[in-house]
Each structure stands twice: as structure tokens, then as C-alpha cells.
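Everything below concerns the one structure shown next.
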Amino acid sequence: MKEPRRPRASIVIDLGFGDAGKGLLTDFLVRRTGATVVVRYNGGAQAGHNVVTSDGRHHTFAQFGAGTFVPGVRTFLSHHVLVHPTALLLEGRALQGKGVEDVFSRLRVSERARVITPFHQAANRLRELARGGARHGSCGVGVGETVQDALEHPEETVLAGELREPARVKRKLQRLRERKHEELRALWGTAPGGPEAAREWALFEHGAVMEAWLEQSAPLVTLGLVAPDSTLRTWMANSPATVFEGAQGVLLDEWHGFHPFTTWSCCTAGNALALIAESGLDVDVERVGVLRSHSVRHGAGPLPTETAELRPGVSEHNVPNAWQGGVRYGWFDAVLARYALDVVGGVDALAITHLDSLKRLRTWKVCAGYEHELPPEDAGLLARRTEAGLVTRLAVSPERSLERQARLARWLAHAAPRLEESAPEEDAVLAHLERLLGRSVDLVSRGPRAADLSLRSR
């Protein structure tokens, strides 16, 4: 008699700066594995995971799981996620308008999830405006501000479960508002000028903001969306598979990204593995990494292979916005890809997306290494250099050091990529990538739909 198959957990990890195709890959894995649960395991409302269905519906998933178009698939926002209540409710209504009528009955939010308030979002934007030309590339949603507050002022942190107690939350909001107001006055000196800043500043001047926000957030409670963490275990135990959908990318990771152009979130598989361990379930775990066939970065920070040559060939759902700025493109960077793979300890499967862009290019290039001198005190940033002096691997630090990651960011800003060239043909490109990365490419995507993504035949 055969033993029953153990449930499966697929962890989707972006190995770049984000925007690699996590939504597409999540939708594909849900359909392929029969998963009925998608777990968001990091980040927050700043996500932008695009899914296009076979019947032409398109949605950019921010907080709902990217498997939501599949009937019956549920989303669990774990306690590692920063929840934006009003945006979450708006997104749900948008999905209802796209035919997912039961979307709220398929959503649960961990009682322990930290909540982004209007004051966090406004403070985030005012700090970014104060940086002027030295912006960090924030999404302007308030994720980092909320995390920092939770670390420094835990007594003021609003948890999703506390939304059941409006009076308690209102007291926290009042203290939060007063403290943020003082902090921002110290930063700006006086109330900042300009329409953008004035709009955000006004949130601290009007007491009605708290009552309005509490009223608008109330459906999270009245609809029964807030739930204990044990809900996730029950859902996973009754599903043949679960997809853990990551946000952002490893190169933006709080401790492994290139400071200060990073996020206040763990972008490795760490949180997902912790949630699986907390469930106590015996599951088969696979880590699925995803990269584009070229580099992409939305906002500020190092992008060593940046080029204007790629822009005409890229078909893009992601667009410039007021807070992150423009979407930037570069040739595939094997050095950064190897670094991300080293950070996460490798993956069980690697997906390459946007291969359809090759047919719109005259050539395809890849960075095999960097030509750049390094002062002796920074030698520890590198793991491998060829005899010719070409830097081919960056070192992963076992210790958490933002100062070290900032030095690495400064070095990358001046690193000169050594580019190798291939014909813009899929087989040639994939062979080139496998040679430089020292591992197989297992899944390929040639378009925006789940049907455009397939396992690579051998």
C-alpha cells in the first residue's frame, strides 16, 4: 500500500531587485500543484505582482495572493507582512469587479500582522521628500516607517487583532500622531512647502483623520478577515500544496541588499521556512528562484549593467511612479545573480522570465564580472577574482552589518561590468546563463500568462 503523498510547499524567491515575475510564477505554481493556499511571507502593501489570465483579465496584486484568480484559492497574510487596511479593502473590491466575487471570504490576516497607519505613510513620504535628490527609492506606502516604529516604539504598534478594539487603537494613534509630528518638525524645521509635502503634512493637522481611518478599516473586523495564526496550519493541512509568495527581491533585503537602497524586510526564504516550522506540518519544501533575462530596478540604487539599449525591447506592466521614480534596465548580471543565490543558499529550481523580449533585441549581453579596483580595507567584500583581476563573485557576510553593505553599494556604483555577448536566441542565452551560474535553468517564461511559463525540457 502506497504511503500518502506529503503536502508540498513552494517558496517563490525573487533573486534580483524585484519585478522579476513573482506574480506570474505564483499563479503558475498554484495551477500546476493544485495549491489552494497562497501565503504572503514578507513585505507589505508596496508589492506589485502582475497576473494576466487566459481570458485577458489583468491585476497587479499588492496584498492579495497572486493565485486569487484561480477559484477557491485563499490568501493568508502572515505576521511577517505589513498590512495596509484601506488599500487591502480597495484591492478586494477591484478584484470583485474583475469577477472574483468571493474574494473576501478567501482572505485571512494574521492577528499579529503589523498595521500601516496614515501617519506612517505620511511620515514615510515626508522623509523621502526631505532627502531631495538623495532619495532611497521608497514606494511611499509606509512599510519601512512601520517596521522601524515597531522596533523602537512597540507599545504604539497597531496589530491587526487590535482592530477589534477601536478605543485602544485610537489611543495608540493619538500618541503616534503626536510623536511623528514632533519628529517631522525637527526634520523640516517648519511645515514643508510644496503641494506634495503639504498634502502629507495635513494628515497630522486634522484630528478627524483617526476617526475616518478607523471607520474605513472596520470591515477587516466585520467581515471576519482577522484570524489567529492557527488558521494557516489548518489551511495548509487541508491543501495538497501551498505557495509562499515572496515580495521584493534578495538584492533589496534588509541585511543583504545594498544599503541604504533596501527594504525593511527579509527577502530570503527565511520567513517562509519559519512559518512552515511553526505549522508543525511535515511538508516537502521546494525553493523556486526567479530572475529576468535582463536586470531591472525600479528606483534608486546601484545597477551596474544599466543600459538604454534594452528599453525598446522590454514589454512592461511596471510603470514610473512619484515615489520610486523610473523603471531602469540593464543586461543580465551574473555576479549579482550568483550573490543572490549564495545569500539564499541555492534554490531547487530556477525560473527565467521575459524571454519573449529576445525577439525584439539585436543582441543579448551578460555581465560575467566587474573590472574595478578595490582598496585593501574592502577586500573582504569579494569572494572570487580571476587571475586577470576580474571580480566574479561577491562575498556574503555571516554578520549583519549595514555599514558593510553600504560600502558594497558604493563600490557597485562604480563597478565596470565585463560584458559577454550572445545571439538573442533562447537556446544560446540559456546555455550562456547556465555556464555562468553553474546550475540549470528549470523554468522559462515567454509571456505574461501562466500558459507562457513552462518546465524546460531536457
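Cβ-Cβ under 7 Å, sequence separation 6+ or interchain: first residue in region 70-99 and assigned by TED's automatic domain parsing to the domain that holds Pro118 and closer than 16 Å to Gln46 by Cβ, partner part of a helix (DSSP H, G or I) and among the small types (Gly, Ala, Ser). Which pairs?
Partner pairs satisfying both residue conditions: none exist.
Take Thr26 and decide whether it is assigned to a strand (DSSP E or B) and farther than 23 Å from Ala212 by Cα.
When the stated conditions are applied, Thr26 does not pass them.
Just give me the residues in region 108-135 being at pLDDT below 85, outside any helix (DSSP H, G or I) and in contact with a Gly (Cβ under 8 Å, 6 or more places away or on another chain), in sequence order.
Arg135
Restricting the first residue to region 213-242 and requiring it to be without any contact (Cβ under 8 Å) to a residue 40 or more places away in the chain and not assigned by TED's automatic domain parsing to the domain that holds His80, which pairs with a second residue that is surrounded by fewer than 17 Cβ atoms within 10 Å (Cβ to Cβ) and among the acidic types (Asp, Glu) meet a Cβ separation below 7 Å and a spacing of at least six or different chains?
none
Quick grid of which residues meet (1) among the acidic types (Asp, Glu); (2) over 26 Å from Arg287 (Cβ atoms); (3) in contact (Cβ under 8 Å) with a residue 12 or more places away in the chain:
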site	(1), (2), (3)
Ala351	no, no, yes
Trp364	no, yes, yes
His372	no, yes, yes
Ala379	no, yes, no
Arg400	no, no, yes
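Name the single residue, out of those in region 212-255 being small (Gly, Ala, Ser) and over 26 Å from Pro7 (Cβ atoms), that is modelled with the lowest pLDDT.
The selected residue is Ala212.
Scanning region 371-392 for residues that are in contact with a helix residue (DSSP H, G or I) (Cβ under 8 Å, 6 or more places away or on another chain) and farther than 16 Å from Asp342 by Cβ, which turns out surrounded by the fewest Cβ atoms within 10 Å (Cβ to Cβ)?
Per the criteria, the residue is Asp378.
Show the residue pairs meeting these rules: Cβ distance below 8 Å; 6+ apart or different chains; first residue within region 274-301 and in contact (Cβ under 8 Å) with a residue 12 or more places away in the chain; second residue assigned to a helix (DSSP H, G or I) and of a type in the set (S, T, N, Q).
Correct list of pairs: Ser293/Ser357; His294/Ser357.
The values are calculated or read from the model by the stated rules, or taken from the named source; none is laboratory data. Note that the structure is a prediction, hence the values are computed from the model and not measured. Please note: Cβ atoms are built from the backbone with ideal geometry, for glycine as well, and neighbour counts cover all protein chains shown.
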